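Bear in mind that the values in this text are calculations on the coordinates, not laboratory data. Treat the numbers as computed from the prediction; the structure is a model and nothing was measured. Every residue, glycine among them, receives a Cβ derived from its backbone with ideal geometry; neighbour counts consider all protein chains shown.
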Amino acid sequence: MKRYEKRLGLVLAFFSILLFMTASQGMTEDKKLTVLTWNIPYFEEGFNQWVSAFNEIHPDITIERLDKKGSEWSTFYQTQVVAGTAPDIIDVQGGLWLEYASKGGLLDITDYLKRDTDYTERIYPEILGSWVFEGKNYGVPLYISKTLLFYNKLMFKEAGLSGPPASFDELLSFAQKMAQGEKTGFMTLNFDWLYWPLFAANGIELLTPDLKKAAFNTPEAVALVEKLAEATASGAINKISWTGRWVEPNGAFASGTVGMLHAHAPAFLWFKSKADWVNEETVGATHLPGGWSTPNSHALLISKSVKYPDAAWDFVKIATSGAGAEALGKGTNNLTGDKIVNEQLFSYFEKELPAVVPVLKTQLEYLDKLCGNWPAAKDAEIKEAFYPELQNALLGQKSAQDALADAEKKVNRVLQKR
Amino acid sequence: MLKSIFINRYTMTFTVTIVVALLWNLFILFNDSGILSGRVVDRNNQPVADARVVLSEKTLLVTAPRDEVKTDQNGYFRFEGHRLYHLYLEAMKGDARSSSSREVRLYFKGQNKKLKEPLVLGSDR
Amino acid sequence: MHRYPHWPFHVTLSTICALMLVPFIWVLKTSLTGENIFTYPPSVLPQDPHLFYYVDVWYTIPFFRYLVNSFLVSLIVVVANIVFNAMAGYALTREFIGKKAIIILFLSCMMIPFQVTIIPAYLITKELGLLNTHLGMALPVMSTIVCIFVFKASFDAVPRSLIDAARIDGLPDWKIIFKVMVPLSQSAIATNIILAFIWSWNNFLWPLVIIRDQHMQTLPLGLSRFLTVVEDTTGALYAFCIMVLIPGLVIFLLAQRQFIAGLTTGAAKG
Amino acid sequence: MSIIKRKRTRELLLIGFFLAPSLIIFILYRIIPLIWNGILSFEFWSPYKPAEFAGLYHYQEMLFYDDVFWEVLLNTVIFMLSSPLGILLALGIALLVNAPIRGRNLYRTIVFMSYPVMTVAVGIIWQWLYNEKVGLINYILMSLGFIDQGIPFLESFNLALPCVIVASIWQVVGFYMIVLLTGLQNIPPSLYESAAIDGANSWQRFKRITLPLIRPSIFICIVIGIINSFTNFDLVFVMTQGGPGHATDLLITYIYDEAFKLSKFDYAAALTVVNFVFFLGLALLANKLSGGEAGAVETGD
């Protein structure tokens, strides 16, 4: 019986030691900027280049680097915001930033861009425009990517198809041709608005130009959704298109059972690394008919709560132009927002990674055909209101009319709500 | 009584794990001089003298040549002191190249290894 | 208890286990081959399996560092859970005013999902100055209601006669707990060890929110390294999951030896 | 008289001391956050704006305009009602592995193994198992000739939720088993022996001894089942993100999205409060049904 007392004693002693140990740790507060990146933990060498370049201008400021996965990124960021310790420089994907910008959480960098023309001139104006909210600039591109159409040439040959589809209807008919057994013809990623080019290609607008009302409930839209639903039911369109995130669609395409994949550029290296059969001869990269695409670029933005805005801006410039941008491009195999740097990057990729060049080429074409990037304050809420209803129609739960009508109601309600 | 506290299956498992780990590290300590040796032959299985052998670290993101040596008259080559655990070897002489860069994966950084299969020169196209 | 044949047991259990194992087979297989699970038709046996994905995992994240952190946190959690829950569990076996209220309070605490407490919990931890510490990671799970009830249940099952006897011997309550009750509740302790360990070991969202410092990260936080869009780390991802899983299984194997029927009376006699 | 009084107070102090550590933790990390949510639910608040009073705005929104809320509530209830299946399965397994048979440790481990494994990985695996074209389940069904067309499990509005439930049962059954096993451990074999002497068959023994004596454990399992229906979040998140439509959205995934995806913390807080009240009610009911006192039982002997 005594041993239990001894055990308890020992345990408690040990416990108190641990308490002491851990409690004696703390954080040191010095002059620092915190940078929160979006799921690029492997990007280390380049990041350190940024830091050393930054410290040449601001030796007194230390850089703290954080990186979070997309699914937890906003959880972390917003918790930090509430706690008043928001990361100063943030790397954001999609429309998430609109929420923050509209609520006044981000720093307006318009004047910086006006001031540093030598920097601003290097950046593609169309892409810079993706981070303008109510006439103010909030972000600059860290790396650029937009959706394109990958197609499995082997399956095309099998189905007796020569080239990529030239029109939207051809896209569907091609998909239909290739679909049988475990094989499906077409698949798209669906997070953010990545599937929207399918709608834009058919001239459908989500919102009225003033972004005040829903504009998508038109006969054309109904017809299109019906088409898509049919194709999905018949297996021409793989159902993962409407349910999966990115792992599953890319994995499925890599398995060689999907004819066409509508995805963003980084997907290419992912499924290439997963399948030996993928190379220039077997996988084509082209535009969706009409050249429409949804940008999926990442931007650097600055939190309103930043202590040293000028220093933060300097860091942003280092990271998104010149040598810093080049480091990022090489480190993540992406193009940057810096025209000059992209020239160098292309020559680098032709040497090191020729397979990726045709894919990246598409990223700089049809910059006038970007869609799915409306600067609507409630972007995320609109998405949440719209997409589930769309799924209803696409997966045959509701008729296209009803689904779009309901979606319209919901979206309008979101837009009217305070 | 004390025995029951210090010698029970929890502590035992823990200690055993530690010991195994230590042994493993000891083994590493004596086998991580980063020596990688092998030989280069041509298609008729003849050794190839002073062919360039390039050792490169290659992940999906970085493809960086890290070291390079020449083969001796018997076609043998030997790298020393690399700190890689996943690397690729490629032999070349003049315009002849080894079929495809040979992937080598090791159990720890700089593990000493002797390639059984020689790199075959000019066996492609 | 050997009056009935054993083979029906084995047949049923084997079938159940076989079903339970299916997803695992693929986790294991992928960790050994890194092959694409979407390949068709599915193959059960791995083609040329190798252990190198485990090597990748070890080097891609500071595995050892994370391991140590996870271990420290889990240690705090497990120890705290056993002590605190045993105490609370015992208190609930006694009669006192407001007992019902306490039980209801506990029940209601269970009904608050963690995800909705993130922000306030973060602020509180900040006030306590425990951000970025092992203790900070451990604190929210240092006592768990499920385990309190587990203890209460097995304390309730302790024959009253024993306790009364101990009372008459004039033992103070804390002695009664740790001399009479706890020895008779081995299985409860085992359960507590297992569950507490696993909860803290797999805890993901909380460390993610309160840990900024690279050196303080725990194993589950290494996950993001294996889920990136540009790299295919599938093999490594599954290898990682297995490596994270193993300690939990070891603990389980160790602790579950405590589950030997008849312990109660056995001890009660002596 | 006064002595007894002092004894009572001393005892109360003692009990208080025993409860203190747990209580402090729960107050810090459960009660206060709940209050925070409660207050928030009556305000317009975002991380960037100072709060202003909103009255019942969010509650009206939820109850009268947000049909998604009702949908996810229904899903959650269905999810919860499915937990007895898991508990029964677990009870069966627990009884089996509690018998003195060879290799029971192995069986226990295998059954338990699915609980601690990281959801991210198994989520992806399950998704593939259910896949319409290349999934294992469809593959087996087709090769056995039951069907000639793959069933789109996770893409079907009616099947998706059951599929997720199956996966979640797979995940949690080991947990139930452990808790029930603990309960079975508390039963003195002497009772069985005496019952056996009275010539009670195994079913009677189960009904008269086992069942009543593991009531507390079953209570715990039920409560866990309730909790599980809104805390098992990762699985839904990885497998379906609540889709298709909202067919697999649970209250918790919905709340999480509202809060952190849409940063509508105030609305999420209102949802949280309702969620809390609803499930506390259920838990208290379960408590009543299991004889109060968290299913306590008088063993005595």
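Below, the figures for the structure above:
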read-out: Structure-based [θ]222 nm, the protein assembly as shown - -39500 (n - 2.57) summed over DSSP H runs of at least 4, per residue, nearest 500; value: -16500 deg cm²/dmol
read-out: Segment C:160-260: trypsin sites (Lys or Arg not before Pro) in DSSP loop, at most 14 other beta carbons within 10 Å; value: C:R257
read-out: Out-of-range pairs (alpha-carbon distance over 32 Å; input A:K317/A:K410; A:K153/B:K116; A:K153/D:K133; A:K239/A:K274); value: A:K317/A:K410; A:K153/B:K116
read-out: Rg and Dmax [Cα atoms of chain C; Å; Rg one decimal, Dmax integer]; value: 22.8, 72
read-out: Gain in span if fully extended, B:A49 to B:R9, counting 0.36 nm per residue against the direct Cα distance; value: 8.5 nm
read-out: Average beta carbon contacts from partner chains per residue of C:97-106, 10 Å cutoff; value: 4
read-out: Shielding by partners - mean other protein chain Cβ count within 10 Å, residues of C:38-47; value: 6
read-out: Pairwise centroid distance, computed over Cα atoms, of segment C:173-188 with segment A:39-87, Å; value: 50 Å
read-out: Sites A:T218 and D:K288, calculated FRET efficiency, Cβ-Cβ separation with R0 56 Å, nearest 0.05; value: 0.50
read-out: Within segment A:112-151, GluC sites (Glu not before Pro) in DSSP loop having at most 12 other beta-carbon neighbours inside 10 Å; value: A:E121, A:E134
read-out: Shape metrics for segment B:20-72, restricted to C-alpha atoms - Rg then Dmax, Å; value: 16.1, 46
read-out: Using θ = phi - 60° and Karplus 6.51 cos²θ - 1.76 cosθ + 1.60, couplings along segment C:16-31 (whole Hz; Gly, Pro as x); value: 4, 4, 4, 4, 4, 7, 3, x, 5, 3, 6, 4, 4, 4, 4, 5
read-out: In Hz, Karplus ³J(HN,Hα) per residue of segment D:105-114 (6.51, -1.76, 1.60; θ = phi - 60°; x = Gly, Pro); value: 4, 4, 4, 3, 4, 4, 5, 6, 3, 5
read-out: ³J(HN,Hα), Karplus 6.51/-1.76/1.60, whole Hz, each residue of segment D:187-195, x for Gly, Pro; value: 7, x, x, 3, 4, 4, 4, 4, 4
read-out: Crossing angle, helix B:9-31 versus chain B [Cα axis fit, 0-90 degrees, rounded to tens]; value: 30 degrees
read-out: For chain A: Kirkwood Rh in Å [reciprocal of mean 1/r, alpha carbons]; value: 23.4 Å
read-out: Prolate/oblate/rounded label for the protein assembly as shown (Cα gyration tensor, a/c 1.5); value: prolate
read-out: Relative contact order, percent, segment C:61-269 [alpha-carbon distance under 8 Å, six or more residues apart]; value: 33 percent
read-out: Anisotropy class of chain D from Cα gyration tensor, a/c 1.5 cut; value: oblate
read-out: Angle between chain A longest axis and helix A:168-178 axis [Cα atoms, degrees, rounded to 10]; value: 90 degrees
read-out: Equivalent ellipsoid semi-axes, segment C:1-50, via Cα gyration tensor eigenvalues times 5, rooted, Å; value: 34, 11, 8
read-out: Distance violations [Cα-Cα > 23 Å] among A:K146/A:K304; A:K272/B:K58; A:K136/A:K330; A:K378/D:K261; A:K114/A:K383; value: A:K146/A:K304; A:K136/A:K330; A:K114/A:K383
read-out: Average projection area in nm² (convex hull over Cα atoms of segment D:148-301, one quarter of hull surface); value: 13.0 nm²
read-out: Radius of gyration and Dmax over the Cα atoms of segment D:37-96, both given in Å; value: 19.3, 59
read-out: Considering only chain A, percent of DSSP beta bridges that pair antiparallel, nearest 5; value: 65 percent
read-out: Cross-link reach list, lysines versus D:K207, counting only Cα pairs under 21 Å and skipping chain neighbours closer than eight places; value: D:K288
read-out: Amide H partners (placed H, <5 Å) of A:K146, local residues excluded; value: A:A265, A:N296
read-out: For C:51-61, mean number of other protein chain Cβ atoms within 10 Å; value: 3
read-out: Neighbour cut-off at most 10 other Cβ (10 Å), DSSP loop, chymotrypsin sites (Phe, Trp or Tyr not before Pro), segment A:339-378; value: none
read-out: Placed amide H near A:N137: partners under 5 Å, 5+ positions off or other chain; value: A:I109, A:T110
read-out: Cα-based shape type of segment A:256-300, given that a ≥ b ≥ c are square roots of the gyration tensor eigenvalues and the cut on a/c is 1.5; value: oblate
read-out: Considering only the protein assembly as shown, percent of DSSP beta bridges that pair antiparallel, nearest 5; value: 75 percent
read-out: Kirkwood-based Rg to Rh ratio, chain B, C-alpha trace; value: 1.25
